[in-house]
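Note sheet for the following structure.
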Amino acid sequence: MSLIQYHTADGRRAVGLIDAQGAVEVPGVETVYGLALEAIAAGTSLAAAVAAKGRGAAIDPATILADGRMLAPVDHPDPAHLFLTGTGLTHLGSASTRDAMHKKTSEAAEETLTDSMKMFRMGLEGGKPAPGTVGVQPEWFYKGTGFSVVAPEQPIPSPAFARDAGEEPEMAGIYIIGKDGTPWRLGFALANEFSDHVTERVNYLYLAHSKLRHASYGPQLRLGALPANVSGVSRIRRDGKVIWEKPFLSGEDNMSHTIENLEHHHFKYELFRQPGDVHVHMFGTATLSFADGIRTEPGDVFEIEEAQFGLPLRNPVAIEGEKPVRVRSL
């Protein structure tokens, strides 16, 4: 079962259900956020809350997507209360690209593990702890708030000061915090954790700068657990032609951490357990076009797809103009 959010042809917000029986509007529901709060209050699952609403009129999600009416599958009425965050070096094979990006050039340094490789090995050794125990904490980064969320099919803006505009195909866990501070997982979605890899390569301490970019996720929110094996394709189209394409793997079969361990090390901070907040937490990747020497251009289209997650996630790249900022004394 998957959920989508969209604008109807007459402009109102709606929630759609996609399951084995087809795709329909969920009657009387405008947001997945509101529906999730109802489910928490009723002590039921999100799937049960959807079923209780019944099945409305049939919809065509592919047409909604093509018309540009698709929204992110979960948002917040106040964008400042949606957090975009993520983890890195969590996937088998993910260390090679990062290690090459951050390796020092001296011969002595090549005989020493980089911080990236150390972090990766820590995950291999302690990222999947025994039940009831806590594993090693992963790399963690902050991307922004709901301000930085880009809907499927809409352009991802890259700031004028950016040195690169690169995709990262990932799985994102979607969460809402209950009144008592409990994090509730709604499900998972495809995500493009858009980043600036050239800035990151200058110095590892620039990782924080490189991640402060927009991101997109969806179109569908897949309810339930993340499949153990996620096998999709990430590609870039330029002028309608594929210029780069590569498979990407996710799910715990292809990861050095469990989802539970990654969730623990995010939500252990009380800051991230504030009632009513939404969290979109991205779980990393081992596949980057940047690693293959691709430099994106304005108008290039990122496309991420995986059969278990339904519709593909597509976004073109848009380079923003200069936006001078002046700090004034009050």
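General observations
- Computed from point charges on the beta carbon alone (+1 for Lys and Arg, -1 for Asp and Glu), the dipole magnitude for the range 162-227 about its Cα centre is near 180 Debye.
- Between His209 and Asp78, the distance separating the two model label sites (each 7 Å from Cα on the Cα→Cβ line) works out to 3.2 nm.
- Of the accessible area of the range 221-272, computed with a 1.4 Å probe over protein heavy atoms only, carbon and sulfur atoms account for 49 percent.
- Measuring r between the beta carbons of Ile243 and Lys179 and using R0 = 51 Å, the FRET efficiency lands at 0.55.
- Compared with the alpha-carbon gap, the fully stretched path from Ser231 to Gln308 is longer by 26.8 nm at 0.36 nm per residue.
- A Förster radius of 25 Å combined with the Cβ-Cβ distance from Lys118 to Ala291 puts the calculated FRET efficiency at roughly 0.80.
- Net dipole in debye of the chain [+1 Lys, Arg Cβ; -1 Asp, Glu Cβ; about Cα centre; nearest 20]: 460
- Excluding same-chain neighbours fewer than eight residues apart, the lysines reachable from Lys143 by a Cα-Cα span under 21 Å are Lys211, Lys268, Lys323.
- Full-stretch length increase - Leu271, Ala42 - with 0.36 nm per residue and alpha-carbon distance subtracted: 79.9 nm
- Of interest is the spacing of the C-alpha centroids, which for the range 202-252 and the range 121-155 amounts to 13 Å.
- Every helix of 4 or more DSSP H residues in the chain counts as -39500 (n - 2.57), and over all residues that averages to -5500 deg cm²/dmol at 222 nm.
- Computed label-point distance, nm, for sites Ser329 and His264 using a 7 Å Cα→Cβ extension: 5.1
- In the set [x] 1.10; [y] 0.94; [z] 1.00, the label that goes with Cα Rg over 2.2 N^0.38 Å computed for this structure is [z].
- In the chain, the DSSP beta bridges split such that about 85 percent are antiparallel, to the nearest 5.
- Hz values of 3J(HN,Hα) by residue in the range 235-246 - Karplus curve (6.51, -1.76, 1.60), Gly and Pro given as x: 9, 10, 10, 10, 6, x, 10, 6, 9, 7, 8, 7
- Averaged over its residues, the chain has an accessible area of 46 Å² per residue, based on protein heavy atoms and a 1.4 Å probe.
- Between Val24 and His7, the contour length at 0.36 nm per residue exceeds the Cα-Cα span by 4.8 nm.
The values are calculated or read from the model by the stated rules, or taken from the named source; none is laboratory data. What you see is a predicted model; the values in this text were computed from it and never measured. Positions of Cβ are generated from backbone atoms using ideal geometry, with glycine treated the same way; all protein chains shown enter the neighbour counts. In case anyone asks, the SASA skips ligands and DNA or RNA and just uses the protein heavy atoms, side chains included. Shrake-Rupley method; radii C 1.70, N 1.55, O 1.52, S 1.80 Å.
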